[in-house]
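Chemist: Here's a structure for you.
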Amino acid sequence: MNELDLGDPFDVEGYLTSISGSYDAMANIDKSILEALCKKVDVVKKVYAFYSKDLKRKQSDLEISLKYYLILLNVLKTKAWEESDFKYLNSYLKLLDLIKLKGAIGEEEHELLLAQAREAINDWID
């Protein structure tokens, strides 16, 4: 874990707040936390507000709000693009579809973001 006091249980919205908008925090993000959040998106198709400290068990039936889904989307995009990382890109694309289904973005924005992802993939494989 990083130097933040994450407490018990792990507060996903609090964590996302702490890293959003800060280049230093994003640059030093704890990859184990990001990997665990990717797994939630990839497997469960939901991210809950609270998990056990190791992020293995949900501690709440409450999902994170759309605001935090959008922050997580931005975090995944940033890390995928910075690192040319297909794992983060995969989770980004799954989360993109999920937030579209939840009504957080419209069809036009969804298509634009998909086009940006296709462009990134083309850049990575060239």
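The values are calculated or read from the model by the stated rules, or taken from the named source; none is laboratory data. None of the values given here were measured: they were computed from a predicted structure. Glycine also receives a Cβ, built like all others from the backbone with ideal geometry; neighbour counts cover every protein chain displayed.
Chemist: Restricting to segment 75-92, give me the number of residues that are free of Cβ contacts under 8 Å to residues at least 40 places away in the same chain and within 10 Å of Val41 (Cα to Cα).
Modeler: 1
Chemist: Out of the residues in segment 61-78 that are modelled with pLDDT of 95 or more and hydroxyl-bearing (Ser, Thr, Tyr), state the one that is nearest to the chain's Cα centre (by Cα).
Modeler: Filtering segment 61-78 for residues that are modelled with pLDDT of 95 or more and hydroxyl-bearing (Ser, Thr, Tyr), the one nearest to the chain's Cα centre (by Cα) comes out as Tyr69.
Chemist: Output yes when any residue across segment 89-101 is surrounded by fewer than 16 Cβ atoms within 10 Å (Cβ to Cβ), not aromatic (Phe, Trp, Tyr) and not in a helix (DSSP H, G or I), and no when none is.
Modeler: no
Chemist: Would you confirm, using the coordinates I've provided, whether Leu101 is more than 22 Å from Gly21 (Cβ to Cβ), in contact with a Ser or Thr (Cβ under 9 Å, 6 or more places away or on another chain) and of a type in the set (A, V, I, L, M, F, W, C)?
Modeler: Considered against the rule, which asks whether it is more than 22 Å from Gly21 (Cβ to Cβ), in contact with a Ser or Thr (Cβ under 9 Å, 6 or more places away or on another chain) and of a type in the set (A, V, I, L, M, F, W, C), Leu101 comes out as no.
Chemist: Keeping to segment 46-84, report how many residues are of a type in the set (Lys, Arg) and more than 23 Å from Asp8 (Cα to Cα).
Modeler: Residues in segment 46-84 being of a type in the set (Lys, Arg) and more than 23 Å from Asp8 (Cα to Cα): 2 in total.
Chemist: Hey, another quick one. Answer yes or no: is there a residue in segment 29-38 that is of a type in the set (A, V, I, L, M, F, W, C), at pLDDT below 95 and surrounded by 13 or more Cβ atoms within 10 Å (Cβ to Cβ).
Modeler: Narrowing segment 29-38 to residues of a type in the set (A, V, I, L, M, F, W, C): 29, 33-34, 36-38.
In the following step, the residues that additionally are at pLDDT below 95 were identified as 29.
So of that shortlist, the ones also surrounded by 13 or more Cβ atoms within 10 Å (Cβ to Cβ) come out as 29.
Yes, because at least one residue in segment 29-38 is of a type in the set (A, V, I, L, M, F, W, C), at pLDDT below 95 and surrounded by 13 or more Cβ atoms within 10 Å (Cβ to Cβ).
Chemist: Let me ask another. In this structure, is Leu76 buried (at least 19 other Cβ atoms within 10 Å of the Cβ) and farther than 21 Å from Ser18 by Cβ?
Modeler: On the way: buried (at least 19 other Cβ atoms within 10 Å of the Cβ): yes; farther than 21 Å from Ser18 by Cβ: no.
The answer is no for Leu76.
Chemist: For segment 39-81, how many residues meet the condition of being among the aromatic types (Phe, Trp, Tyr) and in a helix (DSSP H, G or I)? Show your work before the answer.
Modeler: First pass over segment 39-81, keeping only residues among the aromatic types (Phe, Trp, Tyr): 48, 50-51, 68-69, 81.
Within this subset, residues satisfying the condition of being in a helix (DSSP H, G or I) are 68-69, 81.
Total satisfying the criteria: 3.
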